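The values are calculated or read from the model by the stated rules, or taken from the named source; none is laboratory data. The shown structure was predicted, so the numbers you read here are calculated from the model rather than taken from an experiment. Glycine gets a Cβ as well: all are built from the backbone with ideal geometry, and neighbour counts include every protein chain shown.
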Ligand code: DLL
């Protein structure tokens, strides 16, 4: 494959020039945020830093971090840096009422985000001759809208499928000759299996590449997907807070994801101390969005653990590369593409009159994540008939589904049957680790 760039000027810019560009943008962005976002101005004042102290990226370390809790505290408008009338869109993190982060976009923000996705599509060989099937979820989740916009910018014929309804996905894929598939890696694996079950061979479809992300996946999974669909499978990374997918993307080398450094300034820090670590160290990824107008985040702690590398890439891009996330520095799990915190499940249990004695068991079966929650019955429930217990399990599963957006299997177990811990309670057993997935 040739070296395919969407914006070659930026994608192959010498590093010295990228640094210069980042410095100029950072100085402006810090002033924009200080002038318009009281929440962050207070954090800077508390630290004794003024916009004039930031003369370039070498001063970045002087600025305070932002965390997910800050964004929740500032919900909904506390981080907004423009007039609401200048905003054209919101997107939101998966999750729950109360825990949601709402991100705002001006038209320029949407354009920049879609260009990042267009870079990712072009990097896997996408052109205006391609048919791009987008089966990430549409709506508040950024996956569908982001790749949809990127596909338009490239000029692909875009199939805005959203997720689910695999029968229809396969029908459109085959009838309309889709050449690029965008979805979560677990859904790609499932589509591969479903094609096989229907008697299709990998060479029967016209797909050439897939752009898969939003959840952890392994090299083994990549090989399986590539085999079952007869394609090259590429990784894509991003998070709602910094726009969505396309913050980083893989090129033909498939050895890590190039971070769109002209828009996102990356740092690696020690998650315990906050100390900035040298390139090549494993630590928490922190982003500063250099161009975002409505929802610009400075030194935002992603909680994703990874390593950055500046080794020369055969694709000609000069942007720094990040490894796949190797885990998280908080307790967030990604289950069927949805971000889940154990505390959300605990809140439902407590609200429903249960004691906080529970265990969450996550696994991946046939490439689909499973979520089982064992909850101790209250002593007064113990005498209930099996039918009563089943009804209670169903009702609790319904409340948890309302909170998380995904359905768990709830199992009410005998009082005192969940092992009590003498130290930190082990609330989560994530069996996906046995598959080598970095959860
Ligand atoms: O998952 C955005 C996205 C959509 C990325 C489609 C790629 C493709 P959130 O729902 O806010 O946004 O979740 C962000 O998902 O902090 C990571 O922990 C995880 N994540 C995203 N991409 C990857 C990936 C979208 N390629 C959180 N590999 C991030 C592993 C990923 N984890």
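A few remarks follow.
- Test: residue in region 60-70 that is assigned to a helix (DSSP H, G or I) and within 11 Å of the ligand (Cβ to nearest atom): yes
- If you check 295, 287 for being surrounded by 22 or more Cβ atoms within 10 Å (Cβ to Cβ) and within 19 Å of residue 19 (Cα to Cα), only one passes: 287.
- Test: residue in region 122-130 that is within 13 Å of the ligand (Cβ to nearest atom) and buried (at least 20 other Cβ atoms within 10 Å of the Cβ): no
- Among the criteria (1) modelled with pLDDT under 95; (2) within 30 Å of residue 67 (Cα to Cα), the one residue 148 does not fulfil is (1).
- The set of residues from region 72-90 being modelled with pLDDT of 95 or more and surrounded by 13 or more Cβ atoms within 10 Å (Cβ to Cβ) comprises 78, 79, 80, 81, 82, 86, 87, 88, 89, 90.
- Residue-level check: of (1) in contact with a helix residue (DSSP H, G or I) (Cβ under 7 Å, 6 or more places away or on another chain); (2) modelled with pLDDT of 90 or more; (3) closer than 30 Å to residue 376 by Cβ, residue 333 misses just (1).
- Flag for residue 277 being without any contact (Cβ under 8 Å) to a residue 60 or more places away in the chain, in contact with a strand residue (DSSP E or B) (Cβ under 9 Å, 6 or more places away or on another chain) and within 23 Å of residue 33 (Cα to Cα): no
- All positions within region 310-337 that are within 10 Å of the ligand (Cβ to nearest atom) and outside any loop (DSSP other than H, G, I, E, B): 322, 328, 333, 334
- The criterion of at least 3 residues that are within 23 Å of the chain's Cα centre (by Cα) and either loosely packed, with under 13 Cβ neighbours inside 10 Å or away from the ligand (no atom under 16 Å from the Cβ) (or both) is met by the following strands (runs of 3 or more DSSP E) wholly inside region 338-439: 358-365, 368-376.
- Residue list for region 106-144, filter: closer than 16 Å to residue 212 by Cβ, in contact with a strand residue (DSSP E or B) (Cβ under 7 Å, 6 or more places away or on another chain) and part of a loop (DSSP other than H, G, I, E, B): 124, 125, 126, 135, 136, 142
- Given (1) under 27 Å from residue 322 (Cα atoms); (2) within 15 Å of the ligand (Cβ to nearest atom), number of the condition residue 152 does not satisfy: (2)
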